[in-house]
1. Taking D164 as the residue in question, decide whether it is without any contact (Cβ under 8 Å) to a residue 60 or more places away in the chain and touching a Ser or Thr at 6+ places or on another chain (Cβ under 9 Å).
2. Filter the range 318-334 for residues that are farther than 19 Å from I213 by Cα, in contact with a Pro (Cβ under 8 Å, 6 or more places away or on another chain) and near ligand 2 (Cβ under 9 Å from one of its atoms) and give the result.
3. Take the range 194-221 and flag every residue that is open to solvent by less than 30 Å² (accessible area, probe 1.4 Å) and under 30 Å from I130 (Cα atoms).
4. Looking at (1) more than 16 Å from ligand 2 (Cβ to nearest atom); (2) over 23 Å from L22 (Cβ atoms), can you tell me which one Y47 breaks?
5. When you go through (1) within 13 Å of ligand 2 (Cβ to nearest atom); (2) closer than 22 Å to S368 by Cα one by one for N287, which number turns out not to apply?
6. Quick test of your reading of the structure: T160 fulfils all but one of (1) within 15 Å of ligand 1 (Cβ to nearest atom); (2) open to solvent by 20 Å² or more (accessible area, probe 1.4 Å). Name the failing condition by number.
7. Out of I216, I168, I201, I need the residue that is more than 19 Å from the chain's Cα centre (by Cα) and either more than 15 Å from ligand 2 (Cβ to nearest atom) or assigned to a helix (DSSP H, G or I) (or both). Which one?
8. Scan the range 111-119 and give yes if some residue there is of a type in the set (D, E, K, R), under 28 Å from Y47 (Cβ atoms) and touching a Pro at 6+ places or on another chain (Cβ under 9 Å), otherwise no.
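The values are calculated or read from the model by the stated rules, or taken from the named source; none is laboratory data. Model, not experiment: these values are computed from the prediction. Don't worry about glycine lacking a Cβ; one is built from the backbone with ideal geometry, like all the others, and counts go over all protein chains shown. SASA here: full protein model, heavy atoms, side chains in, ligands and nucleic acids out. Shrake-Rupley method; radii C 1.70, N 1.55, O 1.52, S 1.80 Å.
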Amino acid sequence: MNITVIGTGYVGLVSGVCFSELGNNVICVDNNLEKVTTLSEGNVPIYEPGLKEIMNSNMKAGRLSFTSNIQEAISRSDIIIIAVGTPSLPNGEANLSYIELVAREIGSYMDSYKIIMTKSTVPVGTNDRIEEWIGSLTTHPFDMASVPEFLREGTAVQDTLYPDRIVIGTRSERAIAILRELHGPLTDQIIVTDIRSAEMIKYASNAFLATKISFINEISNICEKVGADVSRVAEGMGYDKRIGASFLKAGIGYGGSCFPKDTQALIQIAGNVDYDFKLLKSVVEVNKDQRFNIIRKLDEALGELEGKHIAVWGLAFKPDTDDVRDAPAIEIIQRLLDLGAKVQAYDPIATNNFRKEVDSPSITWENSAMEAAKGADALCVLTEWKEFMEINLSELAEYMNQPVLIDGRNIYAENQIADTSFQYYSVGRPGLTNIDGRKTAVL
Ligand code: UDX
Ligand code: UDX
């Protein structure tokens, strides 16, 4: 099939590359010329394992190209995928201005029947508006379809090529047949529904996953007070198939380009129809506060933070990505600076992106985990990068001014900590939290 993808962010680029991998001819369009040049030279502007290799092989095979010429791309394609960003407005609502712009461009360049497939996450009812925007500018027939994307950064290629399910929301039998054929090689689990339900499935899925995370984070806070171990609790819950084991990792809360934005947007969507989504509001509130447990634990271990040297490992919102959008590290580091601490920060790949969000003469940007820890009064692990798990902890303790370790992602096991001099705090594992002595207490 001949496909145009508009928007080469995480979602658009990965979708375009993966559809070409299935043998389709794909043109990816972006209005950012620099990005188009980078991509045309075979380079990927984001960090996503495995993406560059399959992108290059499909470019070589002549199935995948990049352009800023939206008109030409549209006229050469039967399926147009909209994947431009939908960032949050200050009130939490999704900003649809890029979507509208693109819809109007599609409308003006239509020259034959096409399927317009929306992958951007848009509020319920938006695809109907897209249909109106396009329809007001063309007499050519077209069908709208909402096909939400569920890929995760860091495993985006895998998630796209082997999805749990594909949701197709459309009212056209013709579009259903074509989109079933397009997605058939990916999975048998294809759910066909109406457009509004498809739009809601995306928000409801992300909101539910965010709820699981805030739920386990609250359980972890209670575990710390009652002497239970949240990792065991999550394991014990996860074997129940009705609950499931995933998204039950306690930590410093969720970040990223989707959960914070989509939960806020769903609260707004509900509010716009006079529904007070109390549960989701609490999920967001719990998430906002969870990150500051790092500061509370630092307070407990060090007292006054003014003038203290605090090492921070991990700036990305999760490992295997250089994305720092809504990363908990942003507010944690800002709070540390407000309290007068000096920060020694390290991330394997996200430092450059992070410095665009927060920078200060009180932060030193280090080139390795060990350098960041050198002379520090405490070390905070904010992202569970694999290289942090492989560090020799006894050596690490020697490097630091005081061996205080605040593990915001529970990356170290009891036996790793037991033989070290670390005063160790983790999340919801009080048996490993040594408050009054140097040695880690064992449950
Ligand atoms: C995507 C989805 O679009 C969003 O709705 C979903 O919730 C998360 O994933 P993402 O791929 O991360 O967002 O977006 P972003 O990285 O902002 O990329 C959007 C791309 O569209 C950019 O490359 C931008 O240059 C391009 N763009 C934007 C256009 O080509 N035209 C425009 O008018 C606006
Ligand atoms: C998410 C959704 O998973 C994906 O389906 C959607 O398309 C986009 O949003 P992503 O934001 O890439 O994907 O990452 P994800 O792996 O879901 O993690 C999101 C955040 O939740 C991260 O900050 C992560 O650290 C946190 N998280 C995740 C937890 O704190 N605990 C968990 O158990 C899982």
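1. yes
2. Within the range 318-334, none qualify.
3. I195, A198, E199, K202, Y203, S205, N206, A207, A210, listed by residue number.
4. Of (1) more than 16 Å from ligand 2 (Cβ to nearest atom); (2) over 23 Å from L22 (Cβ atoms), only one is false for Y47: (1).
5. Condition not satisfied by N287: (2).
6. Exception for T160: condition (2).
7. I168
8. Yes; the residues of the range 111-119 include at least one that is of a type in the set (D, E, K, R), under 28 Å from Y47 (Cβ atoms) and touching a Pro at 6+ places or on another chain (Cβ under 9 Å).
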